[in-house]
Amino acid sequence: MTEALTVFADAFQGFCGFPAAPDLDKLAADIAILGIPNGVPYRDLGNPYRAESAAMPRAVRYASNWLVGDAAHYDFDLDGVLFDGKAVRAVDCGDVAHDPTRLADSGRWATEATAKILAAGALPIMIGGDDAVPIPFFRAFKDQGPITIVQVDSHIDWRHEVGGITEGYSSTMRRASEMPWFTAMVQIGQRGVGSARPQEVRDALTYGSRLISARAVHAKGIDWVLDQVPGDRFLITIDCDGLDPAVMPAVNALSPGGLAYFHVIDLVHGLARRGRIVGFDIVELAPRLDLTGVAALAVARIIRNLIGAVVRSGQVGR
């Protein structure tokens, strides 16, 4: 994997101060942070070699270290310290390399890196990148099924292609629907207008995806949402624009009316209590637009809640 991985600079610490673990062939961990910083931006929307969210992993790592605090500090979201007194091996594996002139290779590297984390028995927590990078992340789970995939997003991402590109950020969940290890799909937070046309909505419903709008979440609450989620093995995939701009102002597609911060962390904790979380990714932060750093801080806190939830549910730690 030496071609596929590069480690962030030694002067910069890993997420929440976790130690660096760049050699995935020797990985010994319960939880592994992995950055996949780029994606597949559409050519008709600007420079094909620039992804707005490419700086997301570094921004989130920075927020986690300087604004969130370390694992020994009391976290009121968790009602305790991060690892709850348990021995948890949490590491940061660095970032998967990306070559915009070799998109197929870049995707393969991302899949291989994630597969190595899974083979080591660790929980992969991926920080994007745009919403194309979950596609190669999802492919690494082919031996992990059956899995219910739970998406938080303002959009349903069911386009087959946009401008001839079939693995861009509008096709994420359609590509997931073609992966047989995902046996159920719940999509949470839709609102407003996105790339979906009526046919994409019909395709999602015909497949069996359960679409839960942001309005329904606000009206009925997260406990009701959790009751709509089948299965007991979950992969959670979050596009930052699924949250309201009051919480997440620095995204590529702003849309008012999204989920609140506590909706998202209560969803994460609820799924951890109901079953096993086998993977997690969060994408589409646009650090250039994050003038105060609050959006990166929110992402860091969501990841910390995910870690705290799996520790408290007994899925990791001794």
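Every number in this text was worked out from the coordinates using simple rules, so none of it is lab data. For clarity, every value in this text was computed on a predicted model and none was experimentally measured. Please note: Cβ atoms are built from the backbone with ideal geometry, for glycine as well, and neighbour counts cover all protein chains shown.
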DSSP bridge orientation in the chain - percent antiparallel, rounded to nearest 5: 10
Which residues qualify? For Ile277, with a placed amide H closer than 5 Å and at least 5 residues away or on another chain, they are Phe234
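Across the chain, where is the longest run that never hits GluC sites (Glu not before Pro) in a DSSP loop with at most 14 other C-beta atoms within 10 Å?
4-160
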Of Ala87, Ile212, Met126, which is farthest along the charge dipole of the stretch 5-312 in the positive direction, counting Lys and Arg as +1 and Asp and Glu as -1 at C-beta? Ile212
What lysines could a cross-link reach from Lys142, if we take a straight Cα to Cα line under 19 Å and drop same-chain neighbours fewer than 8 places away? Lys116
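Give, rounded to the nearest 20 debye, the magnitude of the charge dipole that the stretch 76-209 has about its Cα centre when Lys and Arg contribute +1 at Cβ and Asp and Glu contribute -1 at Cβ.
I would put it at about 320 debye.
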What percent antiparallel are the DSSP beta bridges of the stretch 45-197, to the nearest 5? 25
Within the stretch 244-305: Cβ-based charge dipole about Cα centre, in debye rounded to nearest 20 (Lys, Arg +1; Asp, Glu -1): 300
Considering only DSSP states other than H, G, I, E and B, which trypsin sites (Lys or Arg not before Pro) in the stretch 94-162 qualify as loop sites with at most 15 other Cβ atoms within 10 Å? Arg102, Lys142
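Just check the chain against the gyration tensor rule for me: Cα atoms, a ≥ b ≥ c as the square roots of the eigenvalues, rounded for a/c under 1.5, and otherwise prolate or oblate depending on whether a/b exceeds b/c. Write out the running numbers ahead of the final one.
Details: a/c = 1.32, a/b = 1.13, b/c = 1.17.
Note, shape of the chain comes out rounded.
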